[in-house]
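J.: Here it is, the structure in full.
Just so it is clear, none of the values below were taken in a lab; they were calculated from the coordinates. Small disclaimer: the values here were computed from a predicted structure and weren't measured. Virtual Cβ from ideal backbone geometry, glycine too; neighbours counted across all protein chains shown.
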Amino acid sequence: MRIDLRVPLARARGLIALPAGAILLAFIVGAVVMLVSSPLVTGHFDPSLPLRTYAAIVEGSLLSVNALVDTVVAATPLILVGLAVGLGFKAGLFNIGGQGQFLMGAVASAAAGAALAHESPIVAITLSVVAGVVAGAAYGFIPGLLKAYTGAHEVVTTIMLNYVGIQVISYLITGPLRAQGASFARSPDVQNAELPAFLNVGTGHEAHIGILVILVVVPAISWLLYRSTTGFEIRTVGANPDAARYAGMQPRRLVILSLTVGGMLAGLAGAIEILGVSGYMPAAYATNVGFDAITVALLGRATPGGIFFSGLLLGALRAGAPLMQVKAGVPVQMIDLLQGIILFFLTADVIVRYVFRVKAARAKLDELQTVTRSYGSGTGKP
Amino acid sequence: MTSSPGPTVTAPALEMRGITKRYPGVIANDRIDLTVRPGEIHALLGENGAGKSTLMNILYGLTRPDEGEILLDGEPITIKGPSDAIARGISMVHQHFMLVPVLNVADNILLGAETMANRVFLDRDEARRRIRELGQRFGFEIDPDETVGRLSVGWQQRVEILKALYREARILVLDEPTAVLTPQETKEIFAVLRRLAAEGHSIIFISHKLYEVLEIADRITVIRRGRVVGERLPAETNEEDLAELMVGREVQLVADRGESHPAGVLLSVESLDVGDDRGREVVHGISFEVRAGEIFGIAGVAGNGQDELVEAITGLRRPAAGRIRLGADDVTMADPRQAHEHGISFVPADRHRFGMVTSFALADNLVLTDYYAPPYARRGVRDDAAIAARAEEAIREFDIRTPSATVTAGTLSGGNQQKMVVAREFDRDLRLLVLDQPTRGLDVGSVEFIHRQTVRKRDAGTAVLLVSAELDEVLELSDRIGVMYRGRMVAILDGPTASREHVGLLMATGGQETSPGAPQGAAVPGSAPGGTRA
């Protein structure tokens, strides 16, 4: 029996064509923006600016060990929270609460890290990470419960909980968790709970052990979704809640489970950022990871493998930003712009399909249907 | 070259010549010729996927043919799109009505064909007048102010036809118009169609019900695998001949059900009350029993509580009162998983909603209700090899036509999707088989297959509960027949001796014989606007 590769190849192409097209278009639009805006700022027209900008990003994200480490460190939370959002998509849920879950995980691990700052590293790290994971899980469980038993739409509840989270953190860090003698409102250093670096130690481009988590979590979520019966249930609920009920599954339980596991992943990301990168939690933690993760999940088409690569891509953009600013003189906000345009083209996929003549194959539509089902269409209670 | 072009004798109203449409890997239409004369009811007969829809989509401007030409009154034309088709007098009445239920009849008809009083406002009075006039002319007076959602299915269909007439359609395409109607409603709609034809309208009637085609059509064109395989006059053909043309082999039209040998009572339903999604009670105090080794058919117009009854038995819906027992077990409050494990299999009426996940592989769909148990999974881990092996077996035994077990189920034809559901639900250790509309929308070949499998299950000692809005299906298969009307079981009859007319009357009136002009399909309250005359 000959193995026919045409079907899997066509399917792979179908999966990749749209994200690749969106990225390419985003870079073209980004180049146009640079070309148009640079004369306004500098007074002279510089046709090579886009090229120099993109070259600087590549150099700052790929072309040295330091650059690669920066990319992976930046990509780690994006991938983890991206998986949280992607898992929601698979279950037919639009989890916008990655931001709140990330922050709750961060503050919980910061608190635990501060409290355990003088314990042995193994104890301190383990318990601090667990604290972050549990806090994130709890923060995902709430919208899950509300969705399952009251039908409250997860988009609304998770957005609201994001705000609640910001306020709670602001209270905790300016109040009970505030470090004594710090020049600004922040939690105490986590000290022994800090994740040790294993590469580039002391260079400012350290690779902490937290990034290794990705190597476990991505295959684990993939296994959960595609090899376990629970994953089959999650995917069924996402694709067709009525069929899930017919098949004897419990949509309510699965909704709660998906959002809780998502919360765990986002909370883990928060813990890794605090324990591996910053070492403490400031009152106004400046991050956008919960929302960037939505782009990551969409770009990765809600599959663990796709999210891994799209997380690396967005991490590379972030890691390349400083060098871009130095070498090309383009502000780091350019990265937000590029990311925004990517998201724009992903959601307005008709444009990408038109430009690149991508046929709307059925499998692809179904893939996205899961994504779009949950918002706007109002499937209501499971 | 055969027929003379130009308006000599009676020029055909519509001629489609050599229509060819290729899709990657398939030829949907292969040099199809179709000639429809003015005032003719022309039936288009063919299995699902034979190419009827493609041909009609070409006629309606939804797709362009690769080759061939379309002539309207002898003039070659190009149809650019549906609005172009409508402008040229070609209208389509879809199987699933394109009506807005909350709007009234007049507004539904005006939608997309607005009659304006001036540049801003609609001229509703003029529209109402024209709707009344058209209704009178074709023998179905309708109140233009009635809300469409309150009309019975039969009347909604008349609104669809009115819509076409309002747009001055001369060629009407009706896609399986009788699929949702009772026998009485079908008779009424046939009367309407004959009136239309008598006034010179041409009608293309798509159906897979052979006896209906024989009754209504002036001419019949049979399509198989994208080709015209025959053209017949009703007088010179019969159901067997048509079925054979359609399928390409001899078909057994009436299931050979043989003798049933029922054993003891297996399913017993006692005074069951069930509510619908809005909490209204739609099943009132129903009691009946199904014995092992018999087929108990439930006849009734769709929407008389059958769906809720079936959902209560299969665990998808909690009964409000009453008891359901399966053998010695009380399954009244069983959930779908428990019902499944008690040996209840369920082929749901809406397979896309309940019975399958269109975006999943065929193999995954084949284990949709058994995915969690050995051999398909152990301790929460799927066994992909076992699932694949099961798929190969089911594809072979149930003759599911598919390139492989990994294609997404949504790409299969309707008949093959239903075979997939049937394979999953039939081929297991089960005690009660619940079939809700198991053959709706399927072609003759698939219907024959599913009926044969059903009888086989019965003969193996399974209790079968069959719900169908197709009276013929209930009559052909059932050993006993219960008739449901407005949520009650109004009669339980012996299957082999029940007459079509008697059951049809019970379905339409519930047996409380009122006046002969009582509204048909009275499941919907206030369903008879204007003069409903039988």
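J.: By its C-alpha gyration tensor, with a ≥ b ≥ c as the square roots of the eigenvalues, how is the range B:155-303 shaped: rounded for a/c under 1.5, else prolate for a/b larger than b/c, else oblate?
T.: Note, shape of the range B:155-303 comes out oblate.
J.: For n ≥ 4 DSSP H runs only, could you compute -39500 (n - 2.57) per run for chain B, divide by its residues and tell me the 222 nm figure to the nearest 500?
T.: -9000 deg cm²/dmol
J.: Right, another one. Consider a paramagnetic label point 7 Å from the Cα of A:Ser64 along Cα→Cβ; state which residues of the range A:273-290 have an amide N under 17 Å from it.
T.: From the range A:273-290, the list is empty.
J.: Would you order B:Val222, A:Val201 from fewest to most other beta-carbon atoms within 10 Å of each residue's own beta-carbon?
T.: Ordered by Cβ neighbours within 10 Å, fewest first: A:Val201, B:Val222.
J.: Sticking with this one: What residues of the range A:220-239 lie in the reach of a label at B:Arg379, counting those whose backbone N is under 19 Å from a point 7 Å from the Cα along Cα→Cβ?
T.: Label zone hits: A:220-221, A:223-232.
J.: Follow-up question, since we're still on this one. When a/c is below 1.5 the answer is rounded, else prolate if a/b is larger than b/c, else oblate, so apply that to chain A with a ≥ b ≥ c taken from the square roots of the Cα gyration tensor eigenvalues.
T.: Numbers: a/c = 1.65, a/b = 1.04, b/c = 1.59.
Oblate shape, in that a/c is at least 1.5 and b/c is the bigger or equal ratio.
J.: In cubic angstrom, how much convex hull volume per residue do the alpha carbon atoms of the range B:49-193 span?
T.: With only Cα atoms used, the range B:49-193 gives 134 Å³ per residue.
J.: Another question, then. For the protein assembly as shown, with the dipole built from +1 on Lys and Arg beta-carbon atoms and -1 on Asp and Glu ones, taken about the Cα centre, which of B:Leu34, A:Ala193, A:Gly165 lies farthest toward the positive end?
T.: The residue sitting most towards the positive pole is A:Ala193.
J.: Rank the residues B:Phe205, A:Phe309, A:Phe94, A:Phe45 as a footprinting-exposure proxy: fewest other Cβ atoms within 10 Å of their Cβ go first.
T.: Sorted ascending by nearby Cβ count, the order is A:Phe45, A:Phe309, A:Phe94, B:Phe205.
J.: Same structure, new question: Relative to the longest principal axis of the C-alpha atoms of chain B, give the angle of the C-alpha long axis of helix B:500-509, reported between 0 and 90° and rounded to the nearest 10°.
T.: On a 0 to 90 degree scale, this one is about 90.
J.: Quote the FRET efficiency, to the nearest 0.05, computed for B:Arg137 versus B:Leu62 with a Förster distance R0 of 41 Å and r equal to the Cβ-Cβ distance.
T.: 0.85
J.: Out of all DSSP beta bridges with both ends in the range B:14-247, state the antiparallel percent to the nearest 5.
T.: Restricted to the range B:14-247, the bridges split so that about 55 percent are antiparallel.
J.: Based on the Cβ-Cβ distance from A:Ser120 to A:Gln180, what FRET efficiency comes out when R0 is 25 Å, to the nearest 0.05?
T.: Numbers: r = 24 Å, r/R0 = 0.95.
Approximately 0.60, to the nearest 0.05.
J.: Okay, moving on. Over all residues in A:225-231, what is the mean tally of Cβ atoms on other chains that come within 10 Å of each residue's Cβ?
T.: If you average over the peptide's residues, the count of other-chain Cβ atoms is 4.
J.: At B:Arg195 and A:Thr347, where each label point lies 7 Å from the Cα along Cα→Cβ, what is the point-to-point distance in nanometres?
T.: Computed distance between label sites B:Arg195 and A:Thr347 equals 5.2 nm.
J.: Which one of B:Ser478, B:Val464, B:Tyr23 is farthest out on the positive end of the charge dipole of chain B, using unit charges on Cβ (Lys, Arg +1; Asp, Glu -1) and the Cα centre as origin?
T.: Result: B:Tyr23, furthest along the dipole toward the positive end.
J.: Assign one of three labels to the range B:164-216, namely rounded, prolate or oblate, based on the Cα gyration tensor with a ≥ b ≥ c the square roots of its eigenvalues; rounded applies when a/c is under 1.5, prolate when it is not and a/b is larger than b/c, and oblate otherwise.
T.: prolate
J.: Mind checking the full-extension length gain between B:Ala388 and B:Asp494? Use 0.36 nm per residue of separation minus the Cα-Cα distance, one decimal, nm.
T.: 33.8 nm
J.: I need the calculated FRET efficiency for the pair A:Ser170 and B:Glu397, taking r as the beta carbon distance and R₀ as 60 Å, to the nearest 0.05.
T.: 0.40
J.: Related question: Give the relative contact order (percent, whole number) for chain A; include only Cα pairs under 8 Å separated by 6+ residues. Don't skip to the answer; put the middle values down first.
T.: Details: 697 pairs, mean separation 127.0, N = 382.
33 percent.
J.: Moving on to the next point. Can you compute the helix-only [θ] at 222 nm over chain A? Use -39500 (n - 2.57) per DSSP H run of at least 4 residues, normalise by all residues, nearest 500 deg cm²/dmol.
T.: -24000 deg cm²/dmol
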